[in-house]
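To start, the structure under review is shown below, and the notes come after it.
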Amino acid sequence: MRIAMNGVTGRMGHRQHLVRSILALREQGGLDLGDGTVLWPEPVLVGRREHALRALADRHGLEHIATDLDAVLADDSIDIYFDAQVTSAREEALKKAISAGKHIYTEKPSATGLDGALELARLAHAAGIKHGVVQDKIFLPGLLKLKRLIDGGFFGRILSVRGEFGYWVFEGDWQEAQRPSWNYRSEDGGGIVVDMFPHWEYVLHELFGRVTAVTAHAATHIPERFDEQGKPYQATADDAAYGIFELDGGAIAQINSSWTVRVNRDELVEFQVDGTEGSAVAGLRNCRAQHRSSTPKPVWNPDLPATEAFREQWQEIPDNQPEGGDFANGFKAQWELFLRHVYADAPYHWDLLAGARGVQLAELGLKSSAEGRRHEVPELTL
């Protein structure tokens with residue numbers, strides 16, 4: 001099984017997809033399909049900088065690199081094309097891969113605009129190939145525990161979801177930035193709305209219901225940053241976004257996304273879900289819950305200090321994994337599902353149409369911010 005992996009010299013492509021997913025599968029002896037077949041992934045590292053690809057291949061004991069994408073896609077031995085490039089380069093490469101008949105797995109957003117994302121979904125459907133978009137956060141331990149509560153009816157009727165995501169990304173002058181400079185240039189496909197709203201779309205869709213309307217405000221709080229060479233540049237993309245999402249079924253979600261916030265919470269992302277029968281707070285790994293029967297009765301009195309340790313009144317949700325095992329890395333878990341989809345025709349619905357919904361929400365979020373008004377989110381079809 002040969003996988004062309006484009007963009008693995010970048011942080012996400014290297015760390016999460018190559019090392020923690022594909023190489024992790026090799027370390028465990030391949031992917032057992034359960035019928036006696038074991039898939040052995042053979043990555044072909046694709047990119048523009050040959051020296052960087054060679055250094056990466058040497059570091060991990062890999063053999064195959066390529067700088068000519070067209071030649072890679074013309075190679076009949078390549079089964080799957082994976083894309084983790086910058087967003088602005090992704091759409092054209094995916095079209096080429098679809099045209100070459102390769103199965104597609106890609107980071108999100110799948111395209112820079114809804115029209116392009118829908119075209120990719122339709123082209124892939126017409127070509128009869130298998131296709132998937134990375135939607136890693138629903139495979140996080142904290143959200144898997146949250147889904148367990150939802151599926152068990154713990155919340156009763158869900159009323160609201162409140163999300164907080166983000167951390168302080170240094171400007172790059174006196175401390176090196178933790179994210180690449182293109183993230184802050186809209187002309188290069190940057191911005192927190194196009195990065196994070198696709199995540200919120202599938203998290204909300206999978207756990208609580210389809211997003212039916214959005215009201216958003218996007219801001220560029222830090223207008224000047226410093227690039228990888230220490231040179232100042234104007235930040236033309238939003239670095240914070242404040243969104244209200246109306247959900248099918250009546251629940252309301254409010255999610256703040258920011259690269260200009262200092263963290264005063266247990267994890268870098270947290271979601272609080274409140275329902276008629278109970279509430280829960282889920283992060284990357286942990287989830288705490290409070291049932292109606294054990295909910296305290298606070299009384300507002302600003303003249304007296306708080307006497308209750310509110311956080312101590314919540315119950316930790318256990319892992320409850322088979323045979324005492326730990327949760328798998330979310331990226332690796334989705335890779336395994338996609339590979340089973342390709343080679344064993346296992347069910348899989350996180351496809352390019354699902355990816356288009358994320359692009360749609362980001363596009364409408366930016367439109368809402370620019371116009372200062374609420375936008376309904378039409379349901380997408382091929």
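Pick out the one residue from Leu25, Leu62, Leu94, Leu18 that is over 30 Å from Leu114 (Cβ atoms) and part of a helix (DSSP H, G or I).
Leu25
Looking at (1) out of contact with any Gly (no Cβ under 7 Å at 6 or more places or on another chain); (2) not assigned by TED's automatic domain parsing to the domain that holds Leu339, find the lone condition where Arg157 falls short.
(1)
Take segment 219-257 and flag every residue that is closer than 18 Å to Ser368 by Cα, touching a helix residue (DSSP H, G or I) at 6+ places or on another chain (Cβ under 7 Å) and not in a loop (DSSP other than H, G, I, E, B).
Of everything in segment 219-257, those that are closer than 18 Å to Ser368 by Cα, touching a helix residue (DSSP H, G or I) at 6+ places or on another chain (Cβ under 7 Å) and not in a loop (DSSP other than H, G, I, E, B) turn out to be Ala240, Ala241, Gly243, Phe245, Leu247, Ala253, Ile255, Ser257.
Just to be sure I understand, how many residues within segment 97-106 are in a loop (DSSP other than H, G, I, E, B) and buried (at least 24 other Cβ atoms within 10 Å of the Cβ)?
Number of matching residues: 1.
Inspect segment 298-313 for any residue being assigned to a helix (DSSP H, G or I) and in contact with a Pro (Cβ under 6 Å, 6 or more places away or on another chain) and give the result as yes or no.
yes
Look through Asp274, Asp239 and report the one residue that is in contact with a His (Cβ under 6 Å, 6 or more places away or on another chain) and of a type in the set (Asp, Glu).
Answer to the check: Asp239.
The rows are residues; the columns are (1) outside the structural domain of Asp32 (by TED's automatic domain parsing); (2) at pLDDT below 90; (3) in contact with a Gly (Cβ under 7 Å, 6 or more places away or on another chain).
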position	(1), (2), (3)
Gln290	yes, no, yes
Pro296	yes, no, no
Trp314	yes, no, no
Pro318	yes, no, no
Trp335	no, no, no
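Could you pull out the residue among Val8, Val86 that is over 20 Å from Lys130 (Cα atoms) and buried (at least 21 other Cβ atoms within 10 Å of the Cβ)?
Numbers: Val86 fails: buried (at least 21 other Cβ atoms within 10 Å of the Cβ).
Within the list Val8, Val86, the selection yields Val8.
Which residues, counting only those in segment 327-382, are of a type in the set (Lys, Arg) and either crowded, with 21+ Cβ neighbours inside 10 Å or in contact with a Ser or Thr (Cβ under 6 Å, 6 or more places away or on another chain) (or both)?
First, pick out the residues of segment 327-382 that are of a type in the set (Lys, Arg): 332, 340, 357, 367, 373-374.
Within segment 327-382, Lys332, Arg357, Arg374 qualify.
Restrict the check to segment 108-117 and report whether at least one residue is crowded, with 24+ Cβ neighbours inside 10 Å, in contact with a Gly (Cβ under 8 Å, 6 or more places away or on another chain) and part of a helix (DSSP H, G or I).
yes
Conditions tested, residue by residue: (1) surrounded by fewer than 20 Cβ atoms within 10 Å (Cβ to Cβ); (2) not in a strand (DSSP E or B).
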| site | (1), (2) |
| --- | --- |
| Ile138 | yes, yes |
| Gly142 | no, yes |
| Ser160 | yes, no |
| Phe165 | no, no |
| Phe170 | yes, yes |
| Trp182 | yes, yes |
| Glu187 | yes, yes |
| Val193 | no, yes |
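Working only within segment 240-268, note down all residues that are of a type in the set (A, V, I, L, M) and within 20 Å of Gly209 (Cα to Cα).
Here is the first cut: in segment 240-268, the residues of a type in the set (A, V, I, L, M) are 240-241, 244, 247, 251-253, 255, 261, 263, 268.
Hits for segment 240-268 are Ile244, Leu247, Ala251, Ile252, Ala253, Ile255.
The values are calculated or read from the model by the stated rules, or taken from the named source; none is laboratory data. All values derive from a computational prediction rather than experimental measurement. So basically every Cβ, Gly included, is an ideal-geometry build from the backbone, and we count neighbours across all protein chains shown.
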